[in-house]
1. On a 1.4 Å probe surface of the protein chains, which of D289, D79 comes out largest in accessible area, and what is the full order?
2. Just check the range 64-147 against the gyration tensor rule for me: Cα atoms, a ≥ b ≥ c as the square roots of the eigenvalues, rounded for a/c under 1.5, and otherwise prolate or oblate depending on whether a/b exceeds b/c.
3. Compute the Cα gyration tensor for the range 110-200, then decide on rounded, prolate or oblate, letting a ≥ b ≥ c be the square roots of its eigenvalues: rounded whenever a/c is under 1.5, prolate when a/b is larger than b/c in the other cases, and oblate in all that remain.
4. Compute the accessible area per residue over the range 193-280, keeping the other protein chains in place, probe 1.4 Å, unit Å².
5. Remind me, relative contact order of the range 118-162 in percent, using alpha carbon pairs under 8 angstrom and six or more residues apart?
6. Can you check what the net charge comes to around G309, using other residues whose Cβ is under 14 Å from the Cβ of G309 (Lys, Arg +1; Asp, Glu -1)?
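The values are calculated or read from the model by the stated rules, or taken from the named source; none is laboratory data. Computed from a predicted model, the values in this text were never measured in an experiment. FYI the Cβ positions are ideal-geometry reconstructions off the backbone, even for glycines, and counts take in every protein chain you see. In case anyone asks, the SASA skips ligands and DNA or RNA and just uses the protein heavy atoms, side chains included. Shrake-Rupley method; radii C 1.70, N 1.55, O 1.52, S 1.80 Å.
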Amino acid sequence: MDDSFKLPQAEEGMSKLAALFKTQIDGASQAFTKWFSLSSAVTFGISEAKEAISELIEIDSALTEIGRTSALTGQQLEDLGDHAFDMASKYGMSAASYLASVQEMLRAGFDNAEGMAELSLLAQAAGGMAPNAAEDYLTAADRAYRLGGSVGELTRMLDSQSYVAGRASVSLQDMAAATSEAAFTAARCGISIDELSALIAVASSNTKKSGHEVGAALNGIFTVLQDAGDGAAADALGSLGISMTETIASSEKLKTPIGLLKELSSAFRELPEGGAGRTGILDGIGAGDNADALSAILSNWESYESMLGLYSQGAGNAAREARENAGDMEGSLNRLANTWTDTIGNVATPSAILTAVNALNDLLSIINKITGVLGPLGTAGLGAGLFAGIQNIGKAV
């Protein structure tokens with residue numbers, strides 16, 4: 001046979017061999033990919049099912065505890081468990097966290113624990129605060145101002161404080177912490193919640209201190225301004241011609257802290273900055289850690305009045321902020337988890353869980369056997385294919 005004829009034949013054979021080898025590699029790759037995808041899906045499903053069942057156990061424990069501390073019937077507890085998923089998803093939280101808040105509100109003595117728990121979720125979602133911080137905040141405000149667990153009144157407070165905080169560049173977390181710290185003293189001294197909120201906003205935005213620090217400072221200032229026996233405070237005020245008391249209907253009474261602060265602010269700002277006059281006022285009334293907060297309030301009384309005016313404009317603000325936050329990645333994942341857990345809960349009776357676990361175990365046993373022989377079979381198949389291909393090429397040649 002002519003050499004010029006043999007060369008194209010050889011080239012054709014090599015091309016077929018290369019094509020066949022590529023086909024075998026692609027087939028093995030696809031088989032491995034399918035196996036890997038199946039394995040990953042099964043592993044993911046098992047992991048997610050375990051998490052869902054763990055949360056269902058947590059939810060069941062919470063409902064059991066709620067049943068012990070309330071007069072709810074078995075049907076009411078079941079309804080509460082179902083309601084927990086919808087309520088939590090509304091705010092991008094977990095169902096277990098909602099039920100935990102219900103428990104805490106029951107322990108706090110609220111008859112409307114479910115409504116208070118929803119309000120706690122709203123505070124958490126709107127302000128990014130921890131569950132215990134939200135619960136302490138609402139409980140402190142309710143008791144200090146004797147709101148009787150009124151969800152409406154507390155919602156107005158939350159709306160207004162979140163609105164004021166946003167315009168004063170103060171976090172709702174700090175606003176809530178300061179309220180928790182100072183609400184009792186403020187209410188006892190006749191300071192309303194809107195006045196307290198405005199003072200917190202001014203002190204926080206100008207000192208950059210934490211909510212707890214600002215609340216503690218306000219506590220100290222209110223206490224001093226309501227203590228007629230405090231000689232240092234009386235002297236400091238007297239140096240500016242301000243009396244701590246006033247005569248009302250032939251009776252001498254203490255002025256309110258807000259009234260005193262307003263008078264004091266006007267006189268304080270007329271004194272030279274950094275002078276002995278201002279220092280004497282701050283030392284006499286805001287001694288120690290309270291001086292910065294007092295200086296911020298006295299120097300920015302117009303800001304206080306502006307914040308006070310904003311307080312009434314916040315209707316619905318907390319819900320708007322909660323919706324925005326619930327739409328972020330974490331909130332969306334929490335809603336997905338709630339749906340998945342609720343779905344598992346629809347069929348997750350003890351017997352159903354046992355059946356599912358056994359079925360998954362059988363499936364894993366099969367996959368384990370397949371993976372045990374996948375390598376050798378794949379190699380043998382590839383070798384046999386190549387050998388057959390080479391034989392066919394030889395015959396064709």
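1. On the way: D289 125, D79 80 Å².
The most accessible residue leads, giving D289, D79.
2. Because a/c hits 1.5 or more and a/b fails to exceed b/c, the range 64-147 counts as oblate.
3. oblate
4. Working: 4030 Å² over 88 residues.
In whole numbers, the range 193-280 has 46 Å² accessible per residue.
5. Numbers: 24 pairs, mean separation 15.4, N = 45.
That works out to 34 percent.
6. Once positives and negatives cancel, what remains is -3.
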